[in-house]
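Since the structure comes first, as structure tokens, the remarks are kept for the end.
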Amino acid sequence: MIFAGIVAGGTGTRMGADIPKQFLKIGEKPIIIHTISRFLENKNIEKIYLGVHPDWIEYTNKILSEYNLDNSRISIIKGGTDRNSTVFNIIDLIVNEYNINDSDIILTHDGVRPFVTQKVINNNIDAALKYGACGTYIPAVDTIIRSQDGNIVSEVPPRPEMFQAQTPQSFNILKLKNTYKSLTEVEKEKLTDTCSVFTIKGLPIHIVEGDVLNMKITTAHDLKIADLIAKHI
């Protein structure tokens, strides 16, 4: 089976809005509605789990009904304190609800990336089934520098080797769960995203080509750009 886990547990503090950014509108619909709709379009996906902050579960149910989304394929659950804890809340629920086997996968996605394409979703499905773990990336356009102190350039890595991470990040469910269980508490504290569960153990992550439009809406500037995109696609 193929599942999607959409992480939408943020409270929008960086955006400075009265509501979490995933509920702000672009092109006449909330961001999260755009995002969920992309996964509902894909008939390969059996069930979509949406992890939200406990204070916003009722509101989320309300807007799903308002925009007539297919609730039979959507399950809203309590999000965790960060991205990974939300992902593993979803994983635990899937394992409890289904008889998971070695061929079952999950696509994990940011709730505020509303323009993910079917090509990217399908390529994640194919790569996760084949390799067990993959992430979505685009080549870095700008030169990336590394600085140890934030004041002086420590290194200028070769740009052809640099990529920017997007989502989905997609995995064999049992492989992800078992690898996470193998981490020490110190290793868990070093995790930056779900792919880090594998890389910290030296396990490979297959690269799926992303899309420049698959942007993450983080700032008020991003919101303005996303609104223009949503009105023209």
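The values are calculated or read from the model by the stated rules, or taken from the named source; none is laboratory data. Just so it is clear, the structure is predicted and the values come from calculations on it, not from any experiment. Quick reminder, even Gly has a Cβ in these numbers, built from the backbone with ideal geometry, and neighbours come from all protein chains shown. We work out accessible area using only protein heavy atoms, side chains counted, and drop any ligands, DNA or RNA first. Shrake-Rupley method; radii C 1.70, N 1.55, O 1.52, S 1.80 Å.
Of the DSSP beta bridges with both residues in the stretch 116-233, give the percent that are antiparallel, rounding to the nearest 5.
Working: 8 of 12 bridges.
That works out to approximately 65 percent antiparallel.
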Antiparallel %, DSSP beta bridges [both residues in the stretch 1-94], to 5
15
Within the stretch 1-99, DSSP-loop trypsin sites (Lys or Arg not before Pro) with at most 15 other C-beta atoms within 10 Å are 14, 43
What relative contact order, as a whole-number percentage, does the chain give when Cα pairs under 8 Å and 6 or more residues apart are counted?
24
Select one label from (i) 144; (ii) 130; (iii) 119: the one whose number is volume of the Cα convex hull per residue in Å³ as derived from the coordinates shown.
(i)
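Report the charge-dipole magnitude of the chain in Debye, nearest 20, computed about the Cα centre from +1 at each Lys and Arg Cβ and -1 at each Asp and Glu Cβ. Write out the running numbers ahead of the final one.
Details: 25 positive and 27 negative charges, 39 e Å.
Dipole about the Cα centre, nearest 20: 180 debye.
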Between residue 40 and residue 221, how high is the FRET efficiency from 1/(1 + (r/R0)^6) when r is the Cβ-Cβ distance and R₀ = 30 Å? Nearest 0.05.
0.55
Work out the length of the dipole vector of the stretch 1-117 about its Cα centre, built from +1 on the beta-carbon of each Lys and Arg and -1 on the beta-carbon of each Asp and Glu, and round it to the nearest 20 debye.
360
Can you tell me the dipole magnitude for the stretch 71-130 around its Cα centre, using point charges on the Cβ only (Lys, Arg +1; Asp, Glu -1), in Debye to the nearest 20?
260
Pick from 142, 222, 70 the residue whose mean-square fluctuation is largest in a GNM of the chain, springs joining Cα atoms under 10 Å.
142
Which residues in the stretch 149-193 have a backbone N closer than 20 Å to a point placed 7 Å from the Cα of residue 101 along the Cα-to-Cβ line?
171-178
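Grab the beta carbon distance between residue 153 and residue 122, set R0 = 45 Å, and tell me the FRET efficiency rounded to 0.05.
E(calc), rounded to 0.05, equals 0.70.
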Trypsin sites (Lys or Arg not before Pro) within the stretch 101-198, DSSP loop, no more than 15 other Cβ atoms inside 10 Å:
190
Mean accessible surface per residue for the chain, computed with a 1.4 Å probe while every protein chain stays in place, in Å²
51
Rounded percent of accessible protein surface that carbon and sulfur make up, the chain, 1.4 Å probe
50
Note on the stretch 61-189: alpha-carbon gyration tensor, axes a ≥ b ≥ c; rule is a/c under 1.5 for rounded, else prolate if a/b larger than b/c, else oblate; result prolate
Just grab the label-to-label distance for residue 140 and residue 163, each label 7 Å out from Cα along the Cβ direction, in nm (one decimal).
1.4
Cα→Cβ-extended label distance, 7 Å offset, between residue 182 and residue 82, nm:
2.1
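Quick one: of the DSSP bridges fully inside the chain, what percent are antiparallel, nearest 5?
40
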From the cross-link list 21/62; 21/231; 130/190; 47/175; 62/231, the entries with a Cα-Cα span beyond 22 Å are 130/190; 62/231
